[in-house]
Amino acid sequence: MAGALSNIKILDLSRVLAGPYCTMVLGDLGAEVIKVEAPGGSDDTRKWGPPFKNGVSAYYLCANRNKKSITVDLKSASGIQQIKQLVKESDVIVNNFKAGKMKQFGIDYEVLSEINPQIVYCSITGFGETGIYRDLPGYDFIIQAMSGLMSITGTDQSGPQKVGVAITDILTGLYACIGIQGALLERTQSGKGQKLDISLYDAAVSSLINIGSNYLMSEKIPVPLGNEHANIVPYQTFYTNDGQIVIAIGNDNQFRLFCRKVLHTPELAEDKRFLTNPDRVKYRNELIPYIQSTLKERSTAYWQEQCRLNNIPCGPIQNISEVVHDPHLQEREMFIDYEHPTAGSIKMIGSPLKLSRTPTTFRHHPPNAGEHNEEILSYKKIEETRR
């Protein structure tokens, strides 16, 4: 069964995470992805570890399946010619070099769009190709700091905290996916490609959503609330007698049901301070101790069952091992097995995209650097000779 993007060919000159994650998602959807690195391999994540398995890093494996790998010297005339040759029959080219670097190589959008007017050219940088920060290097940690994400993550006691994964890389990769697919869809009408300028900084700022909107409306600088919610109460973690649980009350009816049927404290539901969500936000410091003292009396499993019986949104805080062994995720095939020529048997996180007619597929292991040189570049040499 063909994937949704099985007729799309992508040339991937990106490294580290945002670009590779973008092209992996497109590859899962069926696109043919050719990963381009410098001779010897220039994706830094190949060396980011431990853990390693037979010299292959887990970090590299997480974002590079469904790709073929070639090595090309972009500092040589022959290497640039190889890229131009590949662009002739590609639909998309993705890179995450610093702003202006592709122009120095002689393969910027203006050049490549002359070779292939239908090419969708996606540039992923830290700060974008315009603006006063365009020449600054951008890494996820730096972007989390500058974008305001760290200022609202953590508590007063902890100080600013980053998200536990490179979240701005992931968001940027997904925005790039959306932009690329939008450009490909528009191309079916215009017959023309276009350039995408995607930055980690822009993507991170866009993720501020309601917190950013709160500031824009009130001009009140948000403070970190830890696991509490800025606009909804109760919507946070609570301690039980054996762990922690998240309770996420989304409306007033849920709150009344939670108090009466789960906590068996109807007086809280009828207290004038807590009748509406705006009231509960205002008086959160008075309400939360009542709820916490009750929840501390029983186990996480007990409260989880009581909440689910009454349709109250909740969930235990699980560690990664518990997630991997969650039977629900097993049923949804969110963890997959691969055979890698160097690492051997490996397990990877699957795709969250569940398409009914054109499901995602896992066709290729994350490639070793230059693994497909002979298959792809030798073929190109033959084609060039024929022409």
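Below is a table of values for the structure above.
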{"item": "3J(HN,Hα) from dihedral phi, region 127-139, Karplus parametrisation 6.51/-1.76/1.60, rounded to Hz, x for glycine, proline", "result": "10, x, 8, 10, x, 6, 9, 4, 8, 7, x, x, 10"}
{"item": "Amide H partners (placed H, <5 Å) of Gln236, local residues excluded", "result": "Ile247, Ile249"}
{"item": "Packing rank of 361-369, 92-100, 208-216, 304-312, where each peptide gets the mean count of other beta carbons within 10 Å, highest leading", "result": "92-100, 361-369, 304-312, 208-216"}
{"item": "Reported label for calculated Kirkwood radius over Cα pairs in Å given (1) 20.6; (2) 23.8; (3) 21.8", "result": "(2)"}
{"item": "Estimated 222 nm signal from helices in the chain, with DSSP H stretches of n ≥ 4 weighted -39500 (n - 2.57), rounded to 500", "result": "-10500 deg cm²/dmol"}
{"item": "J(HN,Hα) series, region 303-320, from Karplus relation 6.51 cos²θ - 1.76 cosθ + 1.60, nearest Hz, glycine and proline x", "result": "5, 4, 5, 5, 5, 5, 4, 10, 6, 9, x, 7, x, x, 7, 9, 7, 5"}
{"item": "Highest to lowest packing among 14-22, 153-161, 370-378, 177-185, scored as the average C-beta count within 10 Å", "result": "14-22, 177-185, 370-378, 153-161"}
{"item": "Magnitude of the charge dipole, region 235-316, Cβ model with Lys/Arg +1 and Asp/Glu -1, debye to 20", "result": "120"}
{"item": "Residues whose placed amide H lies under 5 Å from that of Val120, excluding near-sequence neighbours", "result": "Val92, Ile93, Gln194"}
{"item": "Label point at Ser378 placed 7 Å out along Cα→Cβ; residues across region 45-86 whose backbone nitrogen lies under 18 Å", "result": "68-72"}
{"item": "Under-5 Å amide H pairs with Lys53, H placed in peptide plane, nonlocal only", "result": "Ala58"}
{"item": "With Cα atoms, 0 to 90° folded angle of helix 284-295 axis to the chain main axis", "result": "80"}
{"item": "In region 166-267, the trypsin sites (Lys or Arg not before Pro) that fall in loop regions by DSSP, at most 13 other Cβ within 10 Å", "result": "Lys192, Lys220"}
{"item": "Unpaired by the 4.7 Å Cβ criterion, cysteines found in the chain", "result": "Cys22, Cys62, Cys122, Cys177, Cys259"}
{"item": "Hz values of 3J(HN,Hα) by residue in region 87-99 - Karplus curve (6.51, -1.76, 1.60), Gly and Pro given as x", "result": "5, 4, 10, 9, 9, 9, 10, 10, 9, 10, 6, 4, 3"}
{"item": "Highest-first arrangement of 282-293, 23-34, where packing means the average Cβ count within 10 Å", "result": "23-34, 282-293"}
{"item": "Tilt relative to the chain, helix 18-28 - C-alpha long axis, 0 to 90 degrees, to 10", "result": "80"}
{"item": "Modelled FRET efficiency - R0 35 Å, Gln118 with Ala301, Cβ distances, 0.05 increments", "result": "0.05"}
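Bear in mind that the values in this text are calculations on the coordinates, not laboratory data. None of these values were measured; they are calculated from a predicted model. All Cβ positions, glycine included, derive from the backbone under ideal geometry; neighbour counts span all protein chains shown.
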